[in-house]
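Contents: one structure, followed by commentary.
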Amino acid sequence: MLNPLLQNQVRFHFGNSIEIPDKFMELLNSISDTYDQFETLAEENSELKKTNEQLDHFVYSVSHDLRAPLSSMKGLVEITEEETTEPITLEHMKLLLGSIGKLDHFILDVLDYCRSKRLEIKPERIDFKELIENISDNLRHMNSGNRNVDIKITITQNKEFCSDRIGVGIVLNNLVSNAIRYQNPMSERPFVDIEVEATDKTANIIVKDNGIGISKEGQTKIFDMFYRVSDETDGTGLGLFLVKETIEKLNGKINVESELGKGSIFQILIPNNVI
Amino acid sequence: MSVENGNPIYKRVMIIDDTYVDRYVAERNILKYGISSEVISKESAKAGLEYLKSCESNPSLLPELIFLDIRMPEMDGFGFLDEYEKLPEAVKGNCVVMMLSTSLNPEDHERVKGNKYVSRFLNKPLDREKIEILLNN
């Protein structure tokens with residue numbers, strides 16, 4: 001039984017009552033199989049697209065519903081903090097804010113992880129300037145500590161660069177947000193320098209900060225799942241693990257140089273997937 | 001509650017949010033930090049629209065600024081904006097809308113981009129920091 005589309009084409013070109021020689025019938029059957037496979041693939045692709053859309057929608061919905069009560073709590077705790085001079089109460093409020101921050105951070109990381117599990121990696125054109133400026137704006141809005149950090153962005157992009165936009169976004173967002181989060185409280189001028197050099201073969205990205213840095217021992221473990229440097233900060237142990245996984249999926253490379261108390265430099269190479 | 005910081009910027013603002021705590025926090029901070037001397041607090045888009053319509057005969061009761069939550073049951077922030085557009089000019093007055101959300105969804109930002117009534121997006125909670133941003137702009 002020939003694929004219906006092929007049947008129609010044969011009828012169209014050769015009329016209804018054509019006598020098809022056996023050898024030719026073999027060829028038509030083989031073509032019919034290919035058409036069948038193509039139709040199956042097209043259907044699967046459209047299912048995948050739907051699944052991805054549902055996943056995205058789920059992620060944003062869940063993210064909102066989990067984070068909304070946290071932001072309500074934060075609002076109330078901050079009000080309490082502002083309206084009291086009792087040292088014990090102030091201390092309690094500070095601890096509350098810390099816990100809220102940790103949970104919020106964890107939710108964001110877990111959801112990033114979900115998003116990274118999308119089933120297709122569709123190469124899209126990436127405008128690094130736009131992408132990084134968006135990330136930087138978002139981060140500035142999200143946390144009060146972020147306002148102190150001087151974010152410098154240097155982009156050299158002459159050619160079209162294509163890759164998994166969401167993946168690259170997740171990587172950059174994580175690295176920049178870490179650089180801000182782990183700023184050195186002693187530093188007069190905390191900064192994050194983001195440099196991107198995009199050629200027709202690769203994108204060379206450097207995220208450099210003067211934050212608290214990472215010990216030699218830590219440097220070997222930071223990409224492990226759930227490895228956290230300490231309980232003092234609100235790190236979740238997921239961020240850099242996700243960064244490494246994503247970069248591997250993109251066929252890229254990541255490298256870290258760091259010194260405790262001085263700062264860190266993360267260097268990433270992502271191949272240009274331009275079609 | 002009285003304003004503690006001299007002359008408030010606006011005479012009257014409205015907050016539309018289905019969550020009691022968020023309305024409470026926003027109202028308290030708006031009054032405390034001198035954004036406005038009066039806050040109209042509504043728990044649904046519908047209630048907000050009804051209030052605005054009720055001001056048609058007395059436009060001096062209209063708010064100058066509306067803090068609008070995006071995610072609300074029944075009618076959300078976008079639904080409100082659609083209905084708001086249909087209101088008579090007299091009711092809309094010189095009002096400016098600010099979207100409040102915990103939303104990270106870039107689509108939300110896109111949806112609002114062209115809207116001439118929306119002046120900006122603010123992340124919840126509406127705390128002192130966000131208010132300072134407003135005061136400085």
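Remark: spin-label model distance B:Leu87-B:Ile9 equals 2.0 nm, labels positioned 7 Å along the Cα→Cβ axis.
Could you tell me the relative contact order of chain A? Use alpha-carbon pairs under 8 Å, at least six residues apart, and round to a whole percent.
Relative contact order here is 16 percent.
Among B:Met14, A:Met186, A:Met25, sorting on how many other beta-carbon atoms sit within 10 Å of each Cβ, with the fewest leading, yields A:Met186, A:Met25, B:Met14. Calculated mean residue ellipticity at 222 nm for chain A: -19000 deg cm²/dmol, from DSSP H runs with n ≥ 4 weighted as -39500 (n - 2.57), summed, divided by the residue count and rounded to 500.
Cross-linked pairs A:Lys129/A:Lys262; A:Lys74/A:Lys249; A:Lys102/B:Lys11; A:Lys159/A:Lys253; A:Lys74/A:Lys122; A:Lys49/A:Lys208: Cα-Cα separations exceed 32 Å for A:Lys74/A:Lys249; A:Lys102/B:Lys11; A:Lys74/A:Lys122; A:Lys49/A:Lys208.
Rounded, prolate or oblate: which one fits the stretch A:181-256, using the alpha carbon gyration tensor with axes a ≥ b ≥ c (rounded when a/c is under 1.5, else prolate when a/b beats b/c, else oblate)?
Oblate, since a/c reaches 1.5 and b/c is not below a/b.
Each Lys and Arg adds +1 at its Cβ and each Asp and Glu adds -1 at its Cβ; summed about the Cα centre, chain A shows a dipole of about 460 debye.
Taking the dipole about the Cα centre of the stretch A:127-244, with the C-beta of Lys and Arg at +1 and of Asp and Glu at -1, give me whichever of A:Val168, A:Ala179, A:Gly237 is farthest to the positive side. It is A:Gly237, whose Cα lies furthest towards the positive end. Residue exposure proxy: A:His64, A:His13, ordered by other Cβ atoms within 10 angstrom of their Cβ from fewest to most, comes out as A:His13, A:His64. By DSSP, the beta bridges lying fully in the protein assembly as shown are antiparallel in about 50 percent of cases. With a/c under 1.5 counting as rounded, go ahead and sort the stretch A:1-131 into rounded, prolate or oblate using the C-alpha gyration tensor (a ≥ b ≥ c being the square roots of the eigenvalues; past the cut-off, prolate if a/b is larger than b/c, else oblate). Verdict is prolate for the stretch A:1-131.
If R₀ is 22 angstrom, what is the calculated FRET efficiency for the pair A:Gln7 and A:Glu47, using the beta carbon separation as r and rounding to 0.05?
Here the calculated transfer efficiency is 0.30.
When the square roots of the Cα gyration tensor eigenvalues are ordered a ≥ b ≥ c, the ratio a/c for the protein assembly as shown is 1.5 or more and a/b does not exceed b/c, which makes its shape oblate.
Relative to the longest principal axis of the Cα atoms of chain A, the long axis of helix A:165-181 lies at roughly 10 degrees.
Just so you know, all these numbers are worked out from the coordinates, no wet-lab data involved. Nothing here was measured: the structure is a model prediction, and the numbers come from that model. All Cβ positions, even for glycine, are placed from backbone atoms using ideal geometry, and neighbour counts span all protein chains on display.
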